[in-house]
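Notes follow the structure.
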Amino acid sequence: MSRESQALYMQILAKQARAQALINIDKLAFDPQGRIVVDVKLPLTKIIEELKSELHRDISDQEGLENILGQKISPVTTVSLDISDEEDLKQTFSEIVEKALKNAGSPADEAKKLATQFMSLPKGSIIALQQELHFHLALVSRVYQTTTKLQDREQEMQAAHQSAMLRVNELVMNSLAQGLKSSLNRDGTINTAQLNKTLDKARKAIVPEAHIILLEEIARHTGEIISKADLKIKTLKKVAEKTTATPNDILHTDNNGLAVLIEGSENTAHERVKGEKFGHRQIISHKMGPDNTVVANQNLHMQIRTPSPVVKEDLDEQEYIEDASKKLKHITDKYVLKDRLTTDDTKPKAYIYNSYTAINDTLDDLTSKNRQTKSAIHILRGAHRHNARQLSNASDNPSDAVFCLVQNISVNGFGDTLGYDSSNTLVQESTLMAELAMLHTISDSISANSSTVVRKNGKPNLEPVKADVQKEKIKEVFELYKRFLNTPERKSFFAESAEGQQAIQLISELKADWRAEINFSPTAGIMANAKLGLKNIMANNLHWRHENAKIVQALCVFSEEVSLGGCKSGNERAQAINGRVALLDDLLNKDEKDAQETEVVHHLATLAKSGNQITVSNIAALRKSLDRLYNERGLQSAMSLISLVDQGGPAKVEAKPRGVYVSRNYAEEKVDSIDNLYQKNSSRFQAHKELTSMMLKATEGNLRSWWARMKSTPLGIVGAIAGTVFVFPAAYILIDTYLSNKEKVAAVSISRMEAAKQYRPSTPEVSPGLAGLGSRNDENFDDEEQSNNGLREKGKEKAQKPTKEMDQGSSLALLESDSDSDHKGPEFS
């Protein structure tokens with residue numbers, strides 16, 4: 001695996017995406033973040049030739065390419081392209097926003113000023129509404145293809161999705177304009193929190209209409225009118241839950257930060273079955289440079305985002321444990337971790353499973369089907385079984401054994417905290433294994449560069465740390481764990497064993513040593529400070545506290561060689577951690593940092609200096625500074641894409657409100673520090689929530705019920721109840737609802753029949769960039785010429801209408817929208 005090869009491969013894709021966008025500059029669907037979604041398919045020979053030319057690597061085929069990239073790659077890559085540094089695209093986006101503002105009632109001069117101001121606003125935390133709808137309707141389209149007569153009509157469905165997205169984009173831009181107008185502070189600046197509040201309401205208003213638009217475009221491009229009877233209602237939700245929005249790899253570019261490549265998959269988080277199959281994805285991050293160049297990340301770590309490896313079926317205990325063990329072996333083998341991980345005299349080869357789920361969360365365990373506590377037990381015991389087999393199979397060469405160390409620290413603030421003083425065996429085991437994982441991560445930070453405070457003749461003195469003694473203790477901890485694994489008929493948990501108790505005592509001695517240390521290293525950088533900071537956190541048991549969970553897990557994932565990270569679905573809580581890790585990666589690779597970034601770096605360095613109790617205030621300052629940065633720049637960035645692709649909608653995690661709350665969706669930090677996060681209506685998009693019900697409603701035209709209309713008054717449900725007491729209002733609304741729905745059914749029926757009449761059975765003009773339905777992962781690359789030879793070189797020129805040859809390489813929609821340009825979009829409140 002070569003980081004330089006990964007960076008160059010991502011650069012090739014990003015430059016191709018930009019070139020295709022510039023050729024089709026008048027037919028783009030812009031997202032509020034100032035990005036577009038482009039599908040790139042390049043001949044394999046071209047990719048190999050460019051990598052061989054630039055890096056002088058011996059690559060001859062797809063297998064060789066995937067070996068140096070460190071993962072399988074899909075024939076088509078969906079690129080979420082940041083256009084902020086491309087003047088032509090940025091100007092076009094600005095003009096579209098300005099036009100939308102004028103349509104929303106802003107005077108011309110105010111519209112221009114506000115559009116210009118919006119262009120310079122940090123957009124990583126703005127709701128990416130067009131992008132969300134893109135992947136949502138992509139999933140809906142794929143579900144239609146698997147459940148109706150639309151099977152084997154992928155080309156026409158691609159074209160229908162493209163056309164629908166162009167029409168939907170007008171609704172999105174109009175909602176963005178309304179949001180910008182209502183989000184101005186008194187000093188004239190744009191309030192991102194208020195803008196997101198408006199865009200979250202727009203989610204609720206637009207998504208039902210987007211379903212109507214898609215069905216009409218399906219009729220236009222296939223000649224088929226989808227009715228409720230065509231859908232297999234009993235299995236529809238299950239089909240949606242096991243279908244991804246696209247199997248493509250996803251590349252997300254951020255011109256002020258990272259390029260992130262997310263592995264494609266046909267497996268979703270909510271389809272949990274026995275065997276190796278489950279919805280994990282590798283995340284590869286590198287630094288974005290000017291002109292869509294990509295530079296290798298200084299951080300060598302590998303991230304794999306995963307849902308729980310514990311299946312939902314009613315298995316017995318041993319079956320659960322065995323299946324979890326098999327899935328961990330699958331991860332070990334698929335990513336060839338034996339060759340990726342390093343070992344030394346102190347520690348074995350190991351990857352860390354950073355689990356973010358709560359343990360002993362009584363309310364969740366009793367009221368949901370998540371079974372988080374049971375799953376935590378199965379994962380820990382499954383990891384022990386996996387590790388024991390690795391040790392046994394590598395008896396001739398023990399260094400080849402690859403352990404999985406489980407670091408289960410709940411990040412949502414619910415359930416038990418860690419600690420050895422608990423009488424609960426699961427808590428004790430989670431604490432011990434988390435500390436083994438942290439020891440593995442920080443062991444190479446143990447050095448004589450630090451000093452320890454000792455008292456001589458009644459006075460404090462400084463002496464070099466006895467690093468060899470500390471490393472010997474760490475080595476002994478892992479030797480004790482190996483001894484436990486090799487014990488016949490061993491206990492379920494390491495913490496219950498004699499070896500585990502000895503390990504706890506050794507770790508306690510190490511913590512005491514660290515609390516007396518001071519680090520004077522003048523060369524410590526961000527990575528070194530992260531590990532030293534983790535050592536000081538562990539010394540003071542600060543990782544046992546709920547309020548520190550996110551910063552601890554983020555620092556660990558940032559510092560680990562290989563992290564397998566996730567929560568129950570791998571979408572909500574995992575996004576919160578991976579998003580913070582991305583910011584740390586960005587800081588590591590930046591030469592120049594602004595004031596907010598410098599503040600994070602400063603607090604991290606301060607945390608690394610001392611192991612005494614002052615660390616408590618240091619970690620609080622670091623946590624708050626990173627949260628502020630994440631709130632402003634990272635809430636809706638690259639890591640949010642996994643949820644969109646996996647379940648057709650954004651993650652439903654929300655900031656903790658003031659006062660009392662019980663919902664486990666409140667898994668982010670408090671609204672005081674994370675005030676830009678608005679996800680109230682995100683569940684409407686998700687496959688396991690409201691996606692399929694909206695599909696069914698859309699077939700009939702999204703009819704409103706009598707009771708829904710009764711509740712729609714300013715008095716809400718109180719007014720509805722009052723209306724039923726006074727019979728006349730209720731009767732009037734009942735009759736009016738019946739007539740209104742009857743008219744709506746007729747109108748929708750006519751509209752779809754007219755659209756179906758426009759269908760002509762010929763090869764549709766498909767441009768995959770806006771479709772995003774993807775191709776099967778078992779397809780191979782097509783070595784036919786897919787793109788204009790001079791596309792990347794000529795891409796900066798504004799092309800006129802593309803030629804047929806150019807169109808073969810274009811991945812952006814060239815379809816005309818039939819919608820009314822003056823349409824203001826759905827109203828929302």
Note: ALA621 to THR189 extended length (0.36 nm per residue) minus current alpha-carbon separation gives 152.8 nm
Nearest-0.05 FRET efficiency for LEU315 and SER60 at R0 = 45 Å, using Cβ-Cβ distance, is 0.50
Simple SL model, points at 7 angstrom along Cα→Cβ for GLN151 and MET753; separation in nm is 3.0
Checking region 122-201 for trypsin sites (Lys or Arg not before Pro) in a loop per DSSP with at most 13 other beta-carbon atoms within 10 Å yields LYS149, ARG186
So the FRET efficiency between LYS72 and THR235, C-beta based with R0 = 35 Å and rounded to 0.05, is 0.75
Working note, the chain: Cα radius of gyration (Å, one decimal) and Dmax (Å, whole number) are 27.7, 98
Here the gain from full extension of ASN424 to MET119, 0.36 nm per residue of separation minus their alpha-carbon distance, amounts to 104.4 nm
From the cross-link list LYS27/LYS697; LYS102/LYS181; LYS329/LYS482; LYS27/LYS90; LYS550/LYS652; LYS277/LYS334, the entries with a Cα-Cα span beyond 22 Å are LYS27/LYS697
Dividing the surface of the Cα convex hull of region 69-153 by four yields a projected area in nm² of 9.5
If R0 = 30 Å, then SER2 and ASP594, at their Cβ-Cβ distance, give a FRET efficiency to the nearest 0.05 of 0.45
At q = 0.12 Å⁻¹, the log10 of I(q)/I(0) for region 298-685 from a Debye sum over equal Cα scatterers comes to -0.92
Computed about the Cα centre, the charge dipole of region 298-685 from +1 Lys/Arg and -1 Asp/Glu charges at the Cβ has a magnitude in debye, to the nearest 20, of 380
In degrees, nearest 10, the alpha-carbon axis of helix 372-393 is tilted away from the dominant principal axis of the alpha carbons of the chain by 60
In whole angstrom, largest first, the equivalent ellipsoid semi-axes that the Cα gyration tensor gives for region 293-438 are 27, 19, 16
Between the Cα axis of helix 572-589 and the main Cα principal axis of the chain, the angle (0 to 90°, nearest 10) is 70
Projecting the Cα atoms of LEU641, GLY611, GLY500 onto the charge dipole of region 298-685, where Lys and Arg contribute +1 and Asp and Glu -1 at Cβ, the residue farthest towards the positive end is GLY611
Taking 0.36 nm per residue of separation between ASP672 and LEU462 and subtracting their Cα-Cα distance, the length gained on full extension comes to 71.4 nm
Kirkwood-based Rg/Rh on the Cα set of region 124-198 evaluates to 1.18
Percent antiparallel among DSSP beta bridges confined to the chain, nearest 5, equals 60
Exposed chymotrypsin sites (Phe, Trp or Tyr not before Pro) being those in a DSSP loop with at most 12 other Cβ atoms within 10 Å, the longest stretch of the chain free of them is 1-519
Rg (one decimal) and Dmax (whole number) from the Cα set of region 192-327, in Å, equal 20.6, 56
Measuring from its Cα centre, the chain shows a charge dipole (+1 at each Lys and Arg Cβ, -1 at each Asp and Glu Cβ) which, in debye to the nearest 20, is 2200
Tilt, helix 727-757 to longest principal axis of the chain (alpha-carbon atoms), in degrees rounded to tens, equals 80
Inter-part gap, Cα centre of region 638-665 to Cα centre of region 532-610, in whole angstrom, is 20
The farthest towards the positive end of the charge dipole of region 298-685, of the residues MET438, LEU380, LEU564, given +1 on Cβ of Lys and Arg and -1 on Cβ of Asp and Glu, is MET438
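Each reported figure results from applying straightforward, stated rules to the coordinates on display, with no laboratory input. As the structure is a prediction and not an experimental result, all values here were calculated from the model. So basically every Cβ, Gly included, is an ideal-geometry build from the backbone, and we count neighbours across all protein chains shown.
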